[in-house]
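Handing you this structure, nothing more for now.
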Amino acid sequence: MPTPGATNLLTGQLPRRVVPRPDLQQRLDEVAPGGLALIVASAGSGKSVLVRQWIAARSDLRVAALTLSRRHEDPTTLARDLVAALRSVAPQLDATIGERLAQDESRLGEDFIGA
């Protein structure tokens, strides 16, 4: 099940007027395949619009996105939402990841990241 953060970011139409940001889109293109990009900027700066523009321009990619909120201060919540976002574009994701979360929520360290 996709997370609310992932669903909100990737759906809906772009605003009518958006500022093209080819330099930032190019930086997203430079993320290694299977890699992770963290976009940090102040509220209202257009982070979500940037990602949606980039996704629209890169229909050849499967992209999972997660909008972080205060609830993600809890590592278990963050891990579950991250797995759900990844499963939205890769349903074949190793099922043992979810099992690890269910079995031992206190161990979200190297084993979880490695999986």
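The values are calculated or read from the model by the stated rules, or taken from the named source; none is laboratory data. Note that this is a predicted model, so its numbers are computed, not measured. Every residue, glycine among them, receives a Cβ derived from its backbone with ideal geometry; neighbour counts consider all protein chains shown. Surface accessibility is based on the protein's heavy atoms, side chains included, excluding ligands, DNA and RNA. Shrake-Rupley method; radii C 1.70, N 1.55, O 1.52, S 1.80 Å.
I'm trying to understand the selection: among the residues of the range 1-38, which are open to solvent by less than 80 Å² (accessible area, probe 1.4 Å), hydrophobic (A, V, I, L, M, F, W, C), modelled with pLDDT under 90 and in a loop (DSSP other than H, G, I, E, B)?
LEU14, VAL18, ALA32, ALA37
Of all residues in the range 50-71, which are in a helix (DSSP H, G or I), within 14 Å of the chain's Cα centre (by Cα) and without any contact (Cβ under 8 Å) to a residue 40 or more places away in the chain?
LEU50, TRP54, listed by residue number.
I need every pair where a residue in the range 15-40 that is touching a residue at least 60 places away in the same chain (Cβ under 8 Å) and within 14 Å of ARG52 (Cβ to Cβ) has its Cβ under 9 Å from the Cβ of a residue that is assigned to a helix (DSSP H, G or I) and among the hydrophobic types (A, V, I, L, M, F, W, C), sequence separation at least 6 or different chains.
Here the result reads none, with nothing in the range 15-40 linked to a residue that is assigned to a helix (DSSP H, G or I) and among the hydrophobic types (A, V, I, L, M, F, W, C).
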